[in-house]
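One structure is given here, and the rest of the page talks about it.
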Amino acid sequence: MHSRLSLDVHLRSTLEHNGSRRAFAARLDMTIKRAKVTSGRVARSLGVPEHEVTLWRAGVTVPKSADCERLSQLLDVDVAWLCAGQA
């Protein structure tokens, strides 16, 4: 529970900082490409519209913490690295 609250706070902060949002988008885009999946497949797996994933990959918006956790599981990467660039 506490980690989700921390993740929510970080994601809200990311929304306010364009550079952080772009860095998240770059990590997400790279990870999706390495996993050799499409935005459509990611969207279907998470139950979100494909345009949402496209906006995340472009750095226009960031996903909610629950979606970040599911993204990290789907793409087999650490959620702290995906969302904050932390090892």
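Nothing in this text is a laboratory measurement; each read-out follows from the coordinates by a stated rule. In this text, all values refer to a predicted model and were calculated from it rather than measured experimentally. Because the Cβ atoms are built from the backbone with ideal geometry, glycine has one as well, and the counts that use them run over all protein chains shown.
Observations
- Low-density loop cleavage sites - trypsin sites (Lys or Arg not before Pro) in the range 33-87, where at most 11 other Cβ are within 10 Å (DSSP): 36
- Projecting label points 7 angstrom from Cα along Cα→Cβ for residue 35 and residue 81 puts them 1.3 nm apart.
- Between residue 61 and residue 26, the modelled label-to-label distance comes to 2.4 nm, taking each label 7 Å out from Cα in the direction of the beta carbon.
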